[in-house]
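Trainee: Supplied in structure tokens, the structure appears directly below.
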Amino acid sequence: EDRASISKALQSEWLRMHRCATSAHMAEALRELDAFCCSPLANRLFGRFLVQFLDDRQLRHIARTYDYLDVDGDGVVSEADLQVIAKMSGAGHQTVRRIVAALADPGASCISFWRFA
């Protein structure tokens, strides 16, 4: 068939142009992400455990937030994406480094959706 896969469809230029992320949405997502990364390890681990119990609506909300943070639209949230949002919102480079260190795979500078959720 001539149908696109889900990952290709989500990277569609039309979809990326019609998302409704404002700078306020992106700044708030960055603040919440930083707060999560600064929380005690036990809280973060418990939060990661609870992801498996989220319903479709909650997962769509997480996916929408992930998409807001993917500034360049390449399908992953990179350190460069977070730096753009940090600069726009007045957050420091330490915020970005803390988020990447907490959520990216060891040695990586990108955060996959499943590591984000």
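Trainee: Which length gain, in nm to one decimal place, applies between ILE62 and ASP74 when the Cα-Cα distance is subtracted from 0.36 nm times their residue separation?
Mentor: Working it through step by step, the gained length comes to 2.6 nm.
Trainee: Using a 1.4 Å probe and counting only protein heavy atoms, arrange ARG3, ARG97 so the residue with the most accessible area comes first.
Mentor: These residues rank, largest area first, as ARG3, ARG97.
Trainee: Given a Förster radius of 25 Å and the C-beta distance between ASP55 and TRP114 as r, what FRET efficiency does 1/(1 + (r/R0)^6) yield to the nearest 0.05? Could you put the intermediate results ahead of the total?
Mentor: Details: r = 17 Å, r/R0 = 0.68.
Result of the calculation: an efficiency of 0.90.
Trainee: Which percent of the accessible heavy-atom area of the chain goes to carbon and sulfur, probe 1.4 angstrom?
Mentor: The value for the chain is 58 percent carbon and sulfur by accessible area.
Trainee: I've got another one for you. Let me know the shape class of the chain, please: from the alpha-carbon gyration tensor, a ≥ b ≥ c as square roots of the eigenvalues, rounded when a/c is under 1.5, otherwise prolate if a/b is greater than b/c, or oblate.
Mentor: Oblate is the answer for the chain, as a/c is 1.5 or above yet b/c matches or exceeds a/b.
Trainee: What nm value, rounded to one decimal, do you get for the distance between CYS37 and VAL84 when each label is placed 7 Å out toward the C-beta?
Mentor: The modelled label-to-label distance comes out at 1.7 nm.
Trainee: Sticking with this structure for a sec: Given contacts defined as C-alpha pairs under 8 Å and at least six residues apart, what's the relative contact order of the chain, whole-number percent?
Mentor: Value for the chain: 28 percent.
Trainee: Also, quick follow-up: Roughly how many Å² is the accessible area per residue of the chain, as a whole number, for a 1.4 Å probe?
Mentor: 67
Trainee: Based on Cβ point charges of +1 for Lys and Arg and -1 for Asp and Glu, what charge dipole magnitude is obtained for the range 41-81 about its Cα centre, in debye rounded to the nearest 20?
Mentor: Computed about the Cα centre, the dipole is about 380 debye.
The values are calculated or read from the model by the stated rules, or taken from the named source; none is laboratory data. Predicted model only: the values in this text are computed from it and were never measured. As a convention, Cβ positions derive from the backbone with ideal geometry for all residues, glycine included, and neighbour counts pool all protein chains shown. Ligands, DNA and RNA are excluded from the accessible area calculation, which covers all protein heavy atoms including side chains. Shrake-Rupley method; radii C 1.70, N 1.55, O 1.52, S 1.80 Å.
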